[in-house]
Amino acid sequence: MGQEIERKFLVNGAQWQRAEKPAGEHYRQGYLLLDPDKTIRVRLTPTKGFLTIKGKSTGATRAEFEYEIPMEEASTLLDQFAIAELSKIRYTLTYKDKVWEIDEFLGDNAGLLVAEIELESEDESFERPEWVSEEVTTDARYYNANLTTMPYNKW
């Protein structure tokens, strides 16, 4: 079974702005199913489309199945079938041999910066970059699916 072990952290905006980082990519993602126990997501990046099915999170772990789909199909699914959607700029960088994905949310979630790191096990050790602050892995408000229905600017 596919599995994702991911930890999430808030990002200190001032430190992030000063950090050396790659160019970001615009992501559009929407949900075909929003359920506390499972989600079905469509993501459109500048070069690819994805269909992702995720199970309920237990700690930092959950079932995940992700499939690349044609960009045109991803766009159609978003336009015609998504029940909720968000946009963000994603920055991907390596720090101390670990890949970090930093999401700068747009629209109703503007101002929110979240860093994610995928691990091999929940107790795997890693070093945090200076711009990483509070861990929010188990705070459901920061799940992307939940940000579509209760955006950051309404907290």
Between Ala14 and Trp155, the two model label points (7 Å from Cα along the beta-carbon direction) sit apart by a distance in nm of 1.9
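Could you give the accessible area per residue of the chain, probe 1.4 Å, as a whole number in Å²? Walk me through the intermediate numbers first.
Numbers: 8490 Å² over 155 residues.
Normalised by residue count, the accessible surface of the chain is 55 Å².
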Taking 91-101, 144-154 and ranking on average Cβ neighbours within 10 Å, highest first, one gets 144-154, 91-101
Longest principal axis of the chain (C-alpha) makes with the long axis of helix 71-81 (C-alpha) an angle, in degrees to the nearest 10, of 70
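Sorting check: for 12-21, 26-35, which peptide has the highest mean count of neighbouring beta carbons within 10 Å, and how do the rest follow? Intermediate results must be reported in sequence, preceding the final value.
Values: 12-21: 13.0, 26-35: 17.3.
Order by mean packing, descending: 26-35, 12-21.
Any of Lys54/Lys154; Lys48/Lys154; Lys96/Lys154 with alpha carbons more than 27 Å apart? Name them for me.
Details: Lys54/Lys154 25 Å; Lys48/Lys154 31 Å; Lys96/Lys154 35 Å.
Too far apart for the 27 Å limit: Lys48/Lys154; Lys96/Lys154.
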The chain, Kirkwood Rh and Cα Rg, ratio Rg/Rh at 0.94
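Roughly speaking, to the nearest percent, how much of the chain's 1.4 Å accessible area is carbon and sulfur?
Values: 3990 of 8490 Å².
Carbon and sulfur together cover 47 percent of it.
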Percent relative contact order for the chain, counting Cα pairs under 8 Å at least six residues apart, stands at 30
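Test of understanding: what is the full-extension gain from Asp79 to Thr47, defined as 0.36 nm times their sequence separation minus their Cα-Cα distance?
Details: separation 32, 0.36 × 32 = 11.52 nm, distance 1.76 nm.
Gain on extension, Asp79 to Thr47, equals 9.8 nm.
For the chain, what does the helix formula give at 222 nm: sum of -39500 (n - 2.57) over DSSP H segments with n ≥ 4, over the residue count, nearest 500 deg cm²/dmol? Each step should come with its number before you reach the end.
On the way: 3 runs with 23 residues, N = 155.
Mean residue ellipticity at 222 nm (helix-derived): -4000 deg cm²/dmol.
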Any aspartates and glutamates whose Cα falls less than 14 Å from that of Lys21, other than same-chain ones fewer than 8 residues away, would be Glu101, Asp103, Glu104, Glu130
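The values are calculated or read from the model by the stated rules, or taken from the named source; none is laboratory data. The shown structure was predicted, so the numbers you read here are calculated from the model rather than taken from an experiment. As a convention, Cβ positions derive from the backbone with ideal geometry for all residues, glycine included, and neighbour counts pool all protein chains shown. For accessibility, only protein heavy atoms count, side chains too; no ligands or nucleic acids. Shrake-Rupley method; radii C 1.70, N 1.55, O 1.52, S 1.80 Å.
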